[in-house]
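Engineer: Just passing along the structure, written as structure tokens.
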Amino acid sequence: MKKMISGVCIILLAMSCQKGNTETVVTTKAKTQDEKTLKIEGSWKLVYGEIKEKDSVQVKDLSKTDFVKIINKSHFAFFNQNKESSEGFYGGGGSYTLKGDAYVEKLEYIGMESIRNHEFPFKVKVVGDTLIQFGKEEVKDAGINRDIIEKYIRIK
């Protein structure tokens, strides 16, 4: 009886040490890490924009304008196009870093010199085909100190 129990224990021990089980755990772990990576690359259209400055809240009127943001592996660009005329067109862009949900834009290309090369730290969240970006825009030299919330949908 003791030999039989010892034999079963040895077989169970050998089965638990098989190489295949270790590879399965590593593969599962790798998939989990990939699933957590934010998928922000792509073309995005602004569908909601909110600016909180001092004691006021302003919601952007997007009925007469298209605001688009394009993000690749290392850079972003944005432009605003009035639907009815060429007036009010503006754009900008630069490089960015993304670590977890911490997204920092370095605005390198913009008409306003006072904000050129400034870094703007945000948090981002992707839910399905929606990108949510929020944070504080603060540039003392330009008199900018506001919190923003922007919601984009992926352009297909």
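Engineer: Name the single residue that is nearest to TYR96 (Cα to Cα) among those in the range 113-144 being polar (S, T, N, Q) and under 22 Å from the mean Cα position of the chain (by Cα).
Structural biologist: Across the range 113-144, the extreme among qualifying residues is ASN117.
Engineer: For the range 64-90, which positions are outside any loop (DSSP other than H, G, I, E, B) and exposed (fewer than 14 other Cβ atoms within 10 Å of the Cβ)?
Structural biologist: ASP66, ASN82, TYR90
Engineer: Same structure, new question: Give just the number: which of (1) closer than 19 Å to ILE155 by Cβ; (2) modelled with pLDDT under 95 does VAL124 not satisfy?
Structural biologist: Of everything listed in (1) closer than 19 Å to ILE155 by Cβ; (2) modelled with pLDDT under 95, VAL124 misses just condition (2).
Engineer: Based on this model, can you work out whether VAL57 counts as modelled with pLDDT of 95 or more and farther than 20 Å from ILE153 by Cβ?
Structural biologist: yes
Engineer: Looking at the range 71-94, which of its residues are closer than 17 Å to ARG116 by Cβ and of a type outside the set (Ser, Thr, Tyr)?
Structural biologist: Correct list: HIS75, PHE76, ALA77, PHE78, PHE79, GLY91, GLY92, GLY93, GLY94.
Engineer: Quickly run through the range 101-156 and pick out the residues that are of a type in the set (Val, Ile, Thr) and touching a Ser or Thr at 6+ places or on another chain (Cβ under 9 Å).
Structural biologist: Scanning the range 101-156 gives VAL104, VAL139, ILE144, ILE153, ILE155.
Engineer: Do you know which residues across the range 98-156 are of a type in the set (Val, Ile, Thr) and under 16 Å from PHE76 (Cβ atoms)?
Structural biologist: Within the range 98-156, VAL104, ILE110, ILE115, VAL124, VAL126, ILE132, ILE148, ILE155 meet the criteria.
Engineer: Here's another thing I want to ask about it. When you check GLU50 against the structure, is it of a type in the set (Asp, Glu) and either surrounded by 10 or more Cβ atoms within 10 Å (Cβ to Cβ) or at pLDDT 85 or above (or both), yes or no?
Structural biologist: yes
The values are calculated or read from the model by the stated rules, or taken from the named source; none is laboratory data. The shown structure was predicted, so the numbers you read here are calculated from the model rather than taken from an experiment. With ideal geometry, Cβ positions are generated from the backbone for all residues, glycine too; neighbour counts draw on all protein chains shown.
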